[in-house]
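Structure first, then comments.
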Amino acid sequence: MRRANCVAKKSVVLSLLAISFAAGGLMQPANGQSASDAKFKVRLDFNRWHDYDELKADMLTLAEAYPKFLTYSSLGESHGGREIMLMTINNPDTGPELSKSAMYIEANVHGNEIQGSEVSLYTIWYLMEHYGRNEMVTRLVDERVFYIAPSVNPDGRQHFMAGTGSGARTGHVPVDSDNDGLYDEDGPDDLNGNGVTDQIRKYVPGEGTHRISHRDERILEPVPPGEKGDYVLLGYEGIDNDGDGRVNEDPVGGYDPNRNWGADWQPNYIQGGSMDYPFQLPEARAVNDFLMSHPNIAGVQSYHNTGGMILRGPGAEWQGTYPPEDIAVYDVLGKTGERMLPYYDYIVIWSGLYTVHGGFIDWTNDGLGMISFSNELWNGGQYFNSPKLKEQQQDSENEIEPRRASYFFDDYLEFGEQFVEWEAFDHPDYGPVELGGWKKTRGRVPPRFMNEELSHRNMAFTLYQADEMPMMNADNVSVEKVNGDVYRVRVDFENTRVAPTITARAAENNVVDPDLITVSGRNVEVISAGWVRDRYKTSATAMIDQHDLNRIMVRNGHPGHTTRTIEYLLRGRGDATIAYSSQKGGTAEVTASLR
Amino acid sequence: MHYKKFVLLLLLFPVLIAQVVAASTSADWNAKPAAVADPIDGYHNFAALSAALQRAVRGNSEIARLSSLGNSLEGREIWMVEVGNRAGVATDSRPALLIVANLDGDQLVGSEISLRIIDYLIAGYGSDEGITKALDNSVFYIIPRANPDGAERLFSGVQTGQTTNMRPMDDDNDGRTDEDGPEDLNGDGLIGIMRVADAMGAYMVDPEEPRLMKAADAAAGESGTHVLYWEGIDSDGDGFYNEDPLGGVNLNRNFQHAYPYYQVGSGPHMISEEETRAIMDFAIAHRNISAVLTFGPHDNLVNAPNNKGELAAPKELLLPGFADASNTDARKTGTFATPRPRFFRRAQQDRTGRPSSGRRPETTVNKTDREYFTRVSEEYKKVTGLESLPATEKPAGALFEYGYYQFGVPSFSTPGWAPVSAPAAADSADAAKGSKRNDTAKKNESVDGEILKWMDAVGHDGFVEWSTYDHPTLGDVEIGGFVPYRAKNPPTAVIDSLGPRHGEFAVHLASLFPSVRVAKVEVTDHGGGVFRIEVEVENGGFFPTSTAHGVVSRSVKPTMVQLEVDPEALLSGDAKTSFFPALEGSGKRRAFEWIISGNRGETVTLRVVSQKGGRDTADIVLRGE
């Protein structure tokens, strides 16, 4: 089993329990080779898109099927009165939620970026179906807590699913986008009732800006300078609803729900769509209230689409770079992710994508001290995902050269499902026009049949991240009598995972409680404490210069994959319990007997 | 619990008042108060404030209404009084002045001034022309006590000078909340400063004024002799004294402009507090707010922004800062060297191939707007008589800066009074001769020295002489220093005088509001059902319909000029719905022209809607030559 060392070395209560579960016969014989695949307890679809009600129904089905581990709740109400669904995955036998390092997974903050919700649902389903069946999944569920919010913008999702898909990125708090004192009064209209917000083109022989391509009659291409085409484009399907002389100028919402967060928040003229203050949006506020009351969350994943990216902050250049210690951690995780997710690049938001102020993962990293990624799900390169096909695409005469590729794919792989043929329509303002174009489910989301792979690979990356969140271990207690009732006691503290208990940025910003090393014992007094400089050489320890040595603070946490040895001079007799407690890496303790 | 009362003030009121507003001509200005009273009696605790507000609006609902914007953490209302004649145009469609006081818990003077502004406006309606006009055409939103929980600490218990609200915060981030606040060790009812002789100290007794301390300057041959702490014990045994007191968040450091991220007192994030959120939600629901006036430790009224658009340098009290400095390291304790993790490789540098969108938020007043700030400042000084402020703070996350930089309107802050001693030479014959020398002397004087001099001059008992105390862990210490609140709040008699003057100033601000109207309409009948409509829109106010920065920041909506005809009837000219970003005041006009098809005798409505300058309509009858 991969990363088995994580289990083997631990002496904390959690993992002992985990092992005992595994040993206790929970593992089913499905691991063997002789039987058919075990049946799933809950069968869900991952090759179709779920609307809000379907998503909620699936969540409830899972919660009912696995009541011991799953708790369904709502983080709060969206503007439109929908639930911001949350599934908590916790094994109560291995401790209460807040005692264990947690991973927060969310999706769909942009209403049109839908497939992250299916990834989230898949994650819950997969963890539950494989608990007790797969050793590593079992260990993960036992060691960690997962908080999964599949759609943090349910209004936007429903707008996308039930409507034409147009204008679904935003949430639904009304904004007067055209400054006329009216709110959301003139959005696009599905004039021909085909469920699609089509493009409008008008046939103007010899006077237009576009022409039909000779390669494929569905392709409308701009004409070269100096030539005339037969069509002009008149924007998207709609009318002047409010009679102000403009079309579609104030659709529903009109802001960016992923710019309303508390780190590097900037006003609208610097960052469009940020609203008037951070956490003004009910959805952002509900999510933040939850995160701030769950300091055990160490890792965050916020699924978006599209492009195939594993994004980390900072969102803006002027925020400077992350501290090198933090970058090292992100790099380990991100570069591993690149190998797990073909066509995905691990990049920094501002330098690799675009500048974002007040974005969600900037807040969770800077303001909450959580290691945070945002995956942009789906890369267009995955339509023709083999080196041979990539090579064919280089040939401009080939049927899958870039301009024709999407039509080829639609014709042969999706049976023409995604393209809406141009049809004549008598527009109230523009007269005879044609409507047509691509459906909402093409482009930013994968073809439905490819979504299970997308879900699984991204889940796997996120579970890997969860597994590498900090986990503290205490071991190798040694007690040496110095003189009389004075003892030298050494303990090794080890963080067995990649992530530190407190990131360097969190320590700079003072946003995570310090780790504490405590000594308790009825007849024990701490004379001094220090870090052992070298376990194999004799030298004075590096003195810990704090007033209260029964409660030593480690403000910048314990780095990943690191062992530190503390040495106490203790006076007294009997047992001394030495404990290391951290908000994000759990608690580990040992007992030293002074005798 | 007991508290020390303000004492010895009122005997000296005449002197004090005369000195605060030297140029006064008011009849009652030099009147001696009838009786000597405890000055705290003059300040309103929350119950008294609530009663006073209810009294003020009772029977006056046509012109004044009281409501609550929300509740503080301890459940007190964030009161807001709307003052404006509700007959006529809906008040929320009229230009408004938002007045907010007492965001800083220890700045109660602003609360008291606000109360008097409310009284001034209500009392003057119908008799004073300026007030009547202001209440008929505009509206005042007055939030007299934005931080009722913090303010309440003046009225009970030991005087701490609480600036924050009462939200429990782990100020030193040690995993414990509010566990080490100050203690009144010597039982004098207030929290002073402890000075401890210590050769490791950075401070020394100020040779010019032995009651004060100064930072030792090694380059001047000085060495430190003392360490300074806030009065109290090390309750949590961490080696720091009083580093995590009760509360909280300083509400005037919790707004969105120049927000001090992750600092003690600034909150977990912008607008994190019930109180600040209540104010923000009110403000963004009332975009008719055309100007903001806050009372607090910041100033841009006595000293207008300079010709670069910057504020005057702050002048902060030294002694409290020295005591604060003893806890600077509390948030660093427990920082250990991190060994290079064994998985550490050369970190990925943020790729710089793609240039960042480099636009940064403005931090200085727009050149075009400066003149307006200067004009208002001149009027402020004239009306209030305030000429200089010895103590001011540097704004960071302050509401008044939000008001300009993000809400986009002229926005002001003032302490509302000044602890200024009369010029030394004021009574002497050689005043003019000596003034230059005095100015030079003043420059060398510390903020503390200046305030102490004022206290001495007016008999304001605001400084506790150092007296020895046997401290449980520090041994022999001396406790003394400024009395909390007193350097920031004057005796009520000063407020009784300055309050109405600020009322007058508020009315003046309202008189400057932009005011749009349809100034000229001309219709030409071209025959065949074709008409030409020519219109001029005027701003008859003083302020432009938007500040220049309001345009830059897109926070002020452009003024809309809309001709209510079918879009198809519009043949040529301006858009049916036209906008302009800003129109200067003082009668500046802007012209619009449409050619439409219609029927002779038909009426077409023209609407002009300005977010900050009101609205106007004109019914245009299609007839003409």
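The values are calculated or read from the model by the stated rules, or taken from the named source; none is laboratory data. Fair warning: this is a prediction, and the values are worked out from it, not measured in the lab. Note that we place each Cβ from the backbone using ideal geometry, even for glycine, and neighbour counts take in every protein chain shown. Areas reflect the complete protein model, heavy atoms only, side chains present, ligands, DNA and RNA absent. Shrake-Rupley method; radii C 1.70, N 1.55, O 1.52, S 1.80 Å.
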What is the angle, in °, between the Cα long axis of helix A:324-340 and the longest principal axis of the Cα atoms in chain A? Nearest 10 is fine, range 0 to 90.
60
What's the Kirkwood radius of the range A:255-320 in Å, using all Cα pairs?
13.4
Counting Lys and Arg as +1 and Asp and Glu as -1, what is the net charge of the other residues whose Cβ lies under 15 Å from the Cβ of B:Val139?
+3
Angle, helix A:402-412 long axis vs. longest principal axis of chain A, Cα atoms, 0 to 90°, nearest 10?
90
Rg(Cα) of chain B divided by 2.2 N^0.38 Å?
1.11
Rg/Rg_ref, the range B:516-621, where Rg_ref = 2.2 N^0.38 Å and atoms are Cα
1.11
So what's the gap between the Cα centers of the range A:118-145 and the range A:360-422, to the nearest angstrom?
28
For chain B, what are the DSSP H helices with axial Cα length of 15 Å or more and mean Kyte-Doolittle hydropathy of at least -1.0?
B:46-57, B:108-124, B:274-285, B:447-458, B:492-511
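Starting from the alpha-carbon convex hull of the protein assembly as shown, give the projected area averaged over all orientations, in nm².
Numbers: hull surface 236.2 nm².
Answer in nm², one decimal: 59.1.
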Net charge of neighbours whose Cβ lies under 11 Å from the Cβ of B:Gln162, counting Lys and Arg as +1 and Asp and Glu as -1:
-3
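Can you give the average number of partner chain beta-carbon atoms within 10 Å of each beta-carbon in peptide A:550-563, as a whole number?
Across the residues of A:550-563, the mean count of other-chain Cβ atoms within 10 Å is 5.
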Taking the Cα atoms only, what angle lies between the long axis of helix A:451-467 and the longest principal axis of chain A, rounded to 10 degrees?
20
Estimate for me the total accessible surface buried between chains B and A (protein heavy atoms, probe 1.4 Å, no ligands or nucleic acids), in Å² to the nearest 100.
5900
Above-threshold pairs, the threshold being 21 Å between Cα atoms, out of A:Lys228/A:Lys440; A:Lys202/A:Lys228; A:Lys56/A:Lys439
A:Lys228/A:Lys440; A:Lys56/A:Lys439
So how far, in whole Å, is the C-alpha centre of the range B:568-625 from the one of the range B:153-227?
64
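Please say if the range A:375-527 is rounded, prolate or oblate, where rounded means a/c under 1.5 for a ≥ b ≥ c the square roots of the C-alpha gyration tensor eigenvalues, and otherwise the choice is prolate for a/b larger than b/c and oblate otherwise?
Prolate, since a/c reaches 1.5 and a/b exceeds b/c.
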Report the rotationally averaged projected area of the range A:472-594 based on its alpha-carbon convex hull, in square nanometres.
7.3
Sites removed, the longest contiguous part of chain A containing no DSSP-loop GluC sites (Glu not before Pro) with at most 14 other Cβ within 10 Å is A:1-216
Please name which of A:Gln271, A:Ser78, A:Ile89 has its Cα lying farthest along the dipole of chain A towards the positive end, using unit charges on Cβ (Lys, Arg +1; Asp, Glu -1) and the Cα centre as origin.
A:Ile89
Taking the mean number of other Cβ atoms within 10 Å as a proxy for protection, how do you rank B:262-273, B:408-419, B:536-547, B:373-384 from highest to lowest?
B:408-419, B:536-547, B:262-273, B:373-384
Summed side-chain charge close to A:Asn458 - residues other than A:Asn458 whose Cβ falls under 12 Å, Lys, Arg +1, Asp, Glu -1:
-3
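So how do B:Asp324, A:Asp240, A:Asp467 rank on accessible area, 1.4 Å probe, biggest first, that is with the largest at the start?
Largest to smallest exposure gives the sequence B:Asp324, A:Asp240, A:Asp467.
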Please get the size of the charge dipole for the protein assembly as shown, origin at its Cα centre, with Cβ charges of +1 on Lys and Arg and -1 on Asp and Glu, quoted in debye to the nearest 20.
2360
Looking at A:Met543, A:Asn153, A:Thr209, which one has the Cα that reaches farthest to the positive end of the dipole of chain A (charges on Cβ: Lys, Arg +1; Asp, Glu -1)?
A:Met543
Which of A:Lys335/B:Lys332; B:Lys308/B:Lys488; A:Lys481/A:Lys584; B:Lys367/B:Lys588; B:Lys214/B:Lys315; B:Lys133/B:Lys488 have a Cα-Cα distance over 24 Å?
A:Lys335/B:Lys332; B:Lys308/B:Lys488; A:Lys481/A:Lys584; B:Lys133/B:Lys488
So for each of B:137-143, B:511-517, B:473-479 I average, over its residues, the number of other beta carbons within 10 Å; can you give me the resulting order with the highest mean first?
B:137-143, B:511-517, B:473-479
Send over a whole-number figure in Å² for the accessible area per residue of the range B:516-621, probe 1.4 Å.
42
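Express the Stokes-Einstein translational diffusion coefficient of the range A:309-390 in µm² s⁻¹, to the nearest whole number, given a Kirkwood radius over alpha-carbon pairs, 25 °C and a viscosity of 0.890 mPa s.
The diffusion coefficient I find is 181 µm²/s.
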Note down the magnitude of the dipole of the range A:472-594 about its Cα centre, charges +1 on Lys and Arg C-beta and -1 on Asp and Glu C-beta and zero elsewhere, to the nearest 20 debye.
160
Computed for chain B: size of charge dipole around the Cα centre, +1 on C-beta of each Lys and Arg, -1 on C-beta of each Asp and Glu, debye to nearest 20, value 2480
Accessible area of chain B belonging to carbon and sulfur atoms, whole % at 1.4 Å probe
50
Inter-centroid distance (Cα atoms) of the range B:485-538 relative to the range A:202-241, Å:
51
Calculated P(r) tail over 37 Å for chain A, as whole % of Cα pairs
43
I need to check one value: relative contact order of chain A, counting alpha carbon pairs closer than 8 Å and at least 6 residues apart, in percent.
14
